[in-house]
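The structure appears right after this line, and notes come after that.
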Amino acid sequence: ARVDLAFLLDGSDGIGKDHFQDALSFVKNVINSFDVTPGNVHVAMAVCSDKPHIVFDFRAFNDHVSISRALGSVKYPQGKLMAGGNLYFLLTGRCLRAIKSSIFINSGRHGVPKMLYVMTGGNSRDRVALPSRSLRDDGVQVYSLGLGNSYKAYELKEMATSPFNDHVM
C-alpha cells in the first residue's frame, strides 16, 4: 500500500530520555511493519521541543536499512532552558506547523494517503488545535500517543483524527 508516514517525537524534558528511547523503538516497530520502498511507503520524522528538528523528510530514505541507520543516530534533545528557571518546555503547535510545511507539503506525494503519529509526554506551551485541524483538513490521519504520566488527554484528542478510540493511544 502507498502511504506517506510521518512521526513527531516529543524531545522535551517532559518526556524524559527513557520514554524518548521507547518512542524511537515504537517508530522502528511501526516502520518495520510497512513496505518501505520508492513506490510504496515513504517515511519522515521530526523531533519537537522548544523548536522543531526535521530528522528526515519523505525523500531522504526509501529502504529499511537507511531509515534504521538514521533512527540510530537520533539523540534526545531535552528542550531548552527557560529564563529564570530550570524547566524545559514543549511547543507542539509550532512543531505541527513545521511538519505540515517542511514534510507533508515539501516532500509528500500527491494523491497518496498521509499518516502522522504524534508521541508526546508533556503539555504543550502553545495551542495544538488549529495546526492539527490544518493537517487533518489536508487529509492527514493524525494519531496521538501519550507517553509517561505528564501528557494531557484533552491535548491528545485535540490533535487526533476522530474517532478518538482509533486514533488516541
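Laboratory data are not the source of any read-out in this text; all were calculated from the coordinates shown. Model, not experiment: these values are computed from the prediction. Quick reminder, even Gly has a Cβ in these numbers, built from the backbone with ideal geometry, and neighbours come from all protein chains shown.
For the chain, calculate the relative contact order in percent as a whole number, restricting contacts to Cα pairs under 8 Å that are 6 or more residues apart. Mind dumping the intermediate values first?
Numbers: 333 pairs, mean separation 43.4, N = 169.
About 26 percent, as a whole number.
Kindly provide the helix-only [θ] at 222 nm of the chain, computed as the sum of -39,500 (n - 2.57) over DSSP H runs of four or more divided by all residues, to the nearest 500 deg cm²/dmol?
Numbers: 6 runs with 53 residues, N = 169.
Mean residue ellipticity, 222 nm, calculated: -9000 deg cm²/dmol.
Ranking I105, I54 by Cβ neighbours within 10 Å, fewest first, what do you get? Working shown, then result.
Numbers: I105 10, I54 19.
Taking fewest neighbouring Cβ atoms as first place, the list is I105, I54.
Please report, in debye to the nearest 20, how large the charge dipole of the chain is about its Cα centre when each Lys and Arg carries +1 at its beta carbon and each Asp and Glu carries -1 there.
Details: 19 positive and 15 negative charges, 68 e Å.
Here the chain has a charge dipole of around 320 debye.
Considering only the other residues whose Cβ falls under 13 Å of the Cβ of G111, what net charge follows from Lys and Arg at +1 and Asp and Glu at -1?
+1
Largest first, please: the extent of the C-alpha atoms of the chain along each principal axis, to the nearest Å.
Between the extreme Cα coordinates on each principal axis of the chain lie 50, 33, 27 Å.
Go ahead and run the numbers for FRET between H110 and S66, Cβ-Cβ distance against an R0 of 35 Å, rounding to 0.05.
For R0 = 35 Å, the calculated efficiency reads 0.90.
In whole Å, what is the distance between the alpha-carbon centres of the stretch 115-167 and the stretch 1-29?
For the stretch 115-167 versus the stretch 1-29, the Cα centre distance is 13 Å.
Nearest 5 percent is fine: what portion of the DSSP beta bridges confined to the chain is antiparallel?
Here the share of antiparallel DSSP bridges comes out near 20 percent.
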